[in-house]
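The values are calculated or read from the model by the stated rules, or taken from the named source; none is laboratory data. Small disclaimer: the values here were computed from a predicted structure and weren't measured. Methodologically, a virtual Cβ is constructed for each residue, glycine included, from the backbone with ideal geometry; neighbour enumeration extends over all protein chains shown. Please note that ligands, DNA and RNA were not included when accessible areas were found on the heavy atoms of the full protein model with its side chains. Shrake-Rupley method; radii C 1.70, N 1.55, O 1.52, S 1.80 Å.
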Amino acid sequence: MEKTQSIEEFYKSKLNWVPDNIRREIGHFNVFKLDDFAGTHPKPVPYSRKDYYKISLIIGRNKIYYADKEIEITKQALLFANPQIPYNWESLDDEQSGYFCVFTPAFFHHFGNLSKYEVFQPNGTPIFEINDEQAESIKQIYLQMFEEISSDYEHKYDALRNLVFAILHQTHKMKPAKKIDKQEINASHRISILFLELLERQFPIEDVRQRVQFRSASDFANQLSIHVNHLSRAIRETTEKTTSQIIAERLLQEAKILLTQTTWNISEIAFALGFTEVTHFNNFFKKHLNINPTQFRNVRIS
C-alpha cells in the first residue's frame, strides 16, 4: 500500500502546481473533468488513502477494490473516497471519462456532518452503479460546480457545499453496487495482503517524532473497514499465525533495529513504536525475547 496522498501531492502529481490558498481556514475545494486525467489507456489507481475527500462520476467499465470487496462497474458509477478508507481502481476500458471534485475536511467545518452519511462511514459501501438518467442528473450538478467555482459570486463556496450535498442526497436514494461473489479463500488472501501492506507502511521509523499508529487487530480492522473477527480468520487461514503475532513480530523487528542502529533512548523508542509507557515496552520486549531492551542493546553493541 502506498503512503497517504496529501492534497498538495495530488496537485503536484496531476497538475504540477499547488494552489496558494490550499490550506487556508475555509478549507479547499476544486472540481475537474476526469477525461483530463484518465483519457485513453488510464493507469490503475494505486491502493492508498488520501488526506482529502473525493467524489467521482466514472463513466467506463472499471473494477474497484475496497478491503475484501471487489466491485465491477459495467458502465458508470459514483465513487466516494474519504481520508479513512483506502481503495484502488482498475480500468477495464481504454476510454474513461467523467468528473470529480476534491475537498479537505475543513471545507465542511460547521456546514453539515459528512461522517453521518453512509458513503463516508467505515462500514458503508462507497460505490454506486448508476443508470444513464442518474448519470446525466449527476453530470448536471458537476457542470453547476464548474459554473460556480469560476464565478465571482460572494457566497459561491456555500453554493458548492450545497451541490456536494445534492450529490450525497441523490446517491443515498440509490442502491449501492453489488460486490462480486468470490471464494472465501480468495477474499482471505486479499485481506491478508492489505493487512500486511498497511502494517509495513508504518516502517521504517526514521525520525524520533514518527510514531506507529496501528498496533492492534482492531486498529487494522477499522482501517480496512471489516470486522476484527473477519480479519483474524483471514490472517490465520493464510499465515497460520494470529494477527497479534504478526504485529508483535514486526514491532520487535523494528525495536531491534532502533536499539542497535540509533542512539535514541529507550523512552524515545517506546514512543515511536506506539507504547504509551516505557514500562509497557520493556514488558513487551522481555516477554518475547527474555531480555529487556537495555540489556539487548548492551549485548549487541559490546
(Q) Cβ-Cβ distance below 8 Å, separation of 6 or more or different chains: which pairs start in the range 264-287 with a residue that is closer than 16 Å to D207 by Cα and end on one that is open to solvent by less than 20 Å² (accessible area, probe 1.4 Å) and not in a helix (DSSP H, G or I)? (A) A272/I205; A272/V212; L273/I205; L273/V212; G274/V212
Q) What are the residues in the range 15-56 that are more than 26 Å from S225 (Cβ to Cβ), at pLDDT below 80 and not in a loop (DSSP other than H, G, I, E, B), if any? A) L15, G39, T40
Q. Exactly one of (1) open to solvent by 50 Å² or more (accessible area, probe 1.4 Å); (2) farther than 30 Å from Y65 by Cβ; (3) of a type in the set (V, I, T) is unmet by T262. Its number?
A. (1)
(Q) Test of understanding: among N298, N229, N282, which residue is part of a helix (DSSP H, G or I) and surrounded by 15 or more Cβ atoms within 10 Å (Cβ to Cβ)? (A) N282
Q. Just one of the numbered conditions (1) open to solvent by 60 Å² or more (accessible area, probe 1.4 Å); (2) without any contact (Cβ under 8 Å) to a residue 12 or more places away in the chain; (3) assigned to a helix (DSSP H, G or I) is not true of E206; which one?
A. (3)
Q: Please go through the range 159-195 and pick out each residue that is outside any helix (DSSP H, G or I), open to solvent by 30 Å² or more (accessible area, probe 1.4 Å) and modelled with pLDDT under 80.
A: K175, P176, K178, K179, I180, D181, K182, Q183
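Checking the conditions here, which among F108, F120, F128 is surrounded by 15 or more Cβ atoms within 10 Å (Cβ to Cβ), among the hydrophobic types (A, V, I, L, M, F, W, C), touching a Lys or Arg at 6+ places or on another chain (Cβ under 9 Å) and closer than 14 Å to L78 by Cα?
Values: F108 fails: closer than 14 Å to L78 by Cα; F120 fails: touching a Lys or Arg at 6+ places or on another chain (Cβ under 9 Å).
Result of the check over F108, F120, F128: F128.
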Q: Scan the range 65-90 for residues that are at pLDDT 85 or above and among the small types (G, A, S) and jot them down.
A: A77, A81
